[in-house]
Structures are given as C-alpha cells and as structure tokens.
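Undergrad: Structure below; questions to follow.
The values are calculated or read from the model by the stated rules, or taken from the named source; none is laboratory data. Just so it is clear, the structure is predicted and the values come from calculations on it, not from any experiment. Every residue, glycine among them, receives a Cβ derived from its backbone with ideal geometry; neighbour counts consider all protein chains shown. Ligands, DNA and RNA are stripped out before the accessible areas are found, and what is left, the full protein with its side chains, is counted by its heavy atoms. Shrake-Rupley method; radii C 1.70, N 1.55, O 1.52, S 1.80 Å.
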Amino acid sequence: MNGARIYTKEMQDKVLAPGLYLVATPIGNLEDMTLRALRVLRQADKIACEDTRQTQKLLNHFGIQTPTISYHLFNEAARAEELTAELKAGARIAVVSDAGTPGIADPGAQIAAAAIAAGVQVFPIPGANAAIAALIGSGLAAESFAFHGFLPSKQGQRRSLLEALARGQQTHVFYETPHRILEALADVAAIFGAGQHVVVARELTKLHEEFLRGAVAEVLATLAGRAQVRGEMVLLFALDEPAAGAQTATIREAVAGLMRAEALSEKDALKRVARERGMGKSELYREFQRERGKK
C-alpha cells in the first residue's frame, strides 16, 4: 500500500486543531489504518509513542516524517507533565501505542486525564482494537460486556479475580499472553468446570488469525498439544446463572459431587459452591463444617 497516494489534497488542506490526539493504529493488518489517523499523525507537531522504534516502522510505511518521543509505562508520569505543558501552549500532540488503541491496556489514560484537567481538548481517533474485534467475532453476546485487561500473572490473584466475576448475560473479555494462556484456561476450568464455554482469539487481523471456540477443556487441550503457542490472545466467556433448583443438595453433597465429577480439591469445590449460591466463602465454610458434624 502506498500511504502517500491515499493522503488526498483535501486532507492535506484541513488544519489540525491544537490538542491531544489519541490515535488507534493497526493491531496487525496495515490496511486497518484509517485516513483520519494518517492525517493526524502527519500534521501533529510530535507523536508520543510506546516504542519509538515500533512506531517508526509504521510511519516509514506511510511516508510520515513527524518527530517522535517515547511515552511508555516507565516514564508515563514525567512525560505526561512535560507534554501537558506543551499542550497548554497550543501544541498538537498525537499519542500511539505499539498497536491498537491508546489507554486500553496501554499508556494513554494518564496523559488524557492530565490534558483534560489542564483544559486542553482531547480527540479520540478510533480504529483497531483487539478486545472489540475479538468480541464481535466470538459469537458471544456483545450487548453487555466487561473488559478486564490482562489477567494477573500470579495464580492466586488470577483465581480471585475469576471467582469474583458477575454471572448472567455479560461477556467477560481478557487479554492474555502466549506463555500464560494455558495456566489461565486451566484456572477457568478449575473454577467454572471443564465444560465452561470459552473463546480464544489469536493473532487478530494477521495472516494466521484464529478463533478457538468450545468447552474450556477442549480449547486447553488444543493449545497444549501444540509445539509452541504464539501470538497475543483475547480470552472471552460468559457465566450462566445457577440453574433453578441447583441448591437442593446440601453444601456437603454439592462439594463432594464436584470433587468426584471434576477432580477438584475440596478448597476449589467450596469456592465454586459459594459462588454458585451467592454466599461468602467464610459463611459457606461454616455451614459446610456444621453439615459435616451432623454425619
């Protein structure tokens, strides 16, 4: 694609207003770069980048020569202060992440908040976003969803977050890394059962884009059977409400049933039953011990 050819005279003549521009960039396929994003990046005074080397490849492809400056997790606070001072003086600054939409699991929110507090106009320039692309291609309900960013890397924190998720029609959306996806799926299976329906979207918009849909145990087995798991991942699922009459069994019977059927530990089975019955873990454990004492 020749980026210079699609940059029309009409676009070139349109003056870019002072302010902060949060510019979405492609997550893999360069054809997802919008005409508006090209104009903003070309006319901005400078571009704040998560990784200047990564962004330079994009700029070179489209023949854009705007100066760049680093703006990443480790210098975000100091750089936000510096950039806000320039914005207050009338600068036109674009912010981009390595791929996708700034501020969504990437730097961008802090400079946006600082600019707004300083009375500077903030312009969102929409475009590619992995979470939304995965959601609309997942086959899951998209009317109500919750984006949770990346799952915690530590198992205890990850399981605590999963256990606290709301049930119902809402679709839960997570980012996950290739080296942690198997652990994440194993925790989903342990907490919600091997039959929990999940979708894993991998390498979105790229040559090897893939959607894995099915029971979490099946998706886990598919990925575990590969020599190497590659590509950024989006994990999606919705949690059903407990079935009517599901609480007719005693807590002790429900726990024992889960331990037999799904080989869960007593601790994990107790957590599952507490979540399904809408009870606090301490409250359920006390009742469990009371029932056990009646045997």
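Undergrad: Just name the residue that is farthest from Ser97 (Cα to Cα) out of those in the stretch 35-55 that are under 25 Å from the mean Cα position of the chain (by Cα) and among the basic types (Lys, Arg).
TA: Arg36
Undergrad: What is the residue count in the stretch 145-158 for residues that are open to solvent by 50 Å² or more (accessible area, probe 1.4 Å) and assigned to a loop (DSSP other than H, G, I, E, B)?
TA: Counting residues in the stretch 145-158 that are open to solvent by 50 Å² or more (accessible area, probe 1.4 Å) and assigned to a loop (DSSP other than H, G, I, E, B) gives 2.
Undergrad: Report yes if Thr171 is surrounded by 15 or more Cβ atoms within 10 Å (Cβ to Cβ), under 24 Å from Pro152 (Cα atoms) and among the hydroxyl-bearing types (Ser, Thr, Tyr), otherwise no.
TA: On the way: surrounded by 15 or more Cβ atoms within 10 Å (Cβ to Cβ): yes; under 24 Å from Pro152 (Cα atoms): yes; among the hydroxyl-bearing types (Ser, Thr, Tyr): yes.
When the stated conditions are applied, Thr171 passes them.
Undergrad: What are the pairs with Cβ atoms under 8 angstrom where one residue, in the stretch 154-169, is closer than 25 Å to Ala142 by Cβ and the other, located anywhere, is open to solvent by 50 Å² or more (accessible area, probe 1.4 Å) and part of a helix (DSSP H, G or I)? Sequence gap at least six, or different chains.
TA: If the second residue must be open to solvent by 50 Å² or more (accessible area, probe 1.4 Å) and part of a helix (DSSP H, G or I), the pairs left are Arg158/Glu183.
Undergrad: Give the residues of the stretch 94-106 that are farther than 16 Å from Gln56 by Cα and crowded, with 23+ Cβ neighbours inside 10 Å, sorted by residue number.
TA: Filtering the stretch 94-106 down to residues farther than 16 Å from Gln56 by Cα leaves 101-106.
Result: Thr101, Pro102.
Undergrad: So, one more: If you go through the stretch 40-87, how many residues are open to solvent by 50 Å² or more (accessible area, probe 1.4 Å), in a loop (DSSP other than H, G, I, E, B) and farther than 17 Å from Phe123 by Cα?
TA: Total satisfying the criteria: 5.
Undergrad: In the stretch 230-239, which residues are touching a helix residue (DSSP H, G or I) at 6+ places or on another chain (Cβ under 9 Å) and modelled with pLDDT under 95?
TA: Step one: list which residues in the stretch 230-239 are touching a helix residue (DSSP H, G or I) at 6+ places or on another chain (Cβ under 9 Å), which gives 232-237, 239.
Once the filter is applied, which keeps residues that are touching a helix residue (DSSP H, G or I) at 6+ places or on another chain (Cβ under 9 Å) and modelled with pLDDT under 95, the stretch 230-239 yields Glu232, Leu239.
For every residue, the table says whether it meets (1) open to solvent by less than 70 Å² (accessible area, probe 1.4 Å); (2) closer than 20 Å to Arg36 by Cβ; (3) of a type outside the set (D, E, K, R); (4) at pLDDT 95 or above.
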{"position": "Ala115", "(1), (2), (3), (4)": "yes, yes, yes, yes"}
{"position": "Phe123", "(1), (2), (3), (4)": "yes, yes, yes, yes"}
{"position": "Pro126", "(1), (2), (3), (4)": "no, yes, yes, yes"}
{"position": "Glu143", "(1), (2), (3), (4)": "no, no, no, no"}
{"position": "Ser160", "(1), (2), (3), (4)": "yes, no, yes, no"}
{"position": "Ala166", "(1), (2), (3), (4)": "yes, no, yes, no"}
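Undergrad: May I pose another question? With the requirement that a residue be within 29 Å of Glu176 (Cα to Cα), at pLDDT 80 or above and charged (D, E, K, R), what does the stretch 240-280 give you?
TA: The answer is Asp240, Glu262, Glu266, Lys267, Asp268, Lys271, Arg272.
Undergrad: What is the residue count in the stretch 165-183 for residues that are in a loop (DSSP other than H, G, I, E, B) and either over 14 Å from the mean Cα position of the chain (by Cα) or charged (D, E, K, R) (or both)?
TA: Keep residues of the stretch 165-183 that are in a loop (DSSP other than H, G, I, E, B), which gives 165-170, 177-180.
Filter again for either over 14 Å from the mean Cα position of the chain (by Cα) or charged (D, E, K, R) (or both), leaving 165-170, 179-180.
Residues in the stretch 165-183 being in a loop (DSSP other than H, G, I, E, B) and either over 14 Å from the mean Cα position of the chain (by Cα) or charged (D, E, K, R) (or both): 8 in total.
Undergrad: Given (1) touching a residue at least 24 places away in the same chain (Cβ under 8 Å); (2) more than 30 Å from Ala141 (Cα to Cα), where does Gly231 come up short, assuming only one miss?
TA: Result: Gly231 fails condition (2) only.
Undergrad: Which one is farthest from the chain's Cα centre (by Cα), of the residues in the stretch 128-141 that are surrounded by 15 or more Cβ atoms within 10 Å (Cβ to Cβ) and more than 26 Å from Arg36 (Cβ to Cβ)?
TA: First, the residues of the stretch 128-141 that are surrounded by 15 or more Cβ atoms within 10 Å (Cβ to Cβ): 128-135, 137-138, 140.
Now drop any that are not more than 26 Å from Arg36 (Cβ to Cβ), which leaves 138, 140.
Working: Ser138: 14, Leu140: 16 Å.
Residue satisfying both the conditions and the ranking: Leu140.
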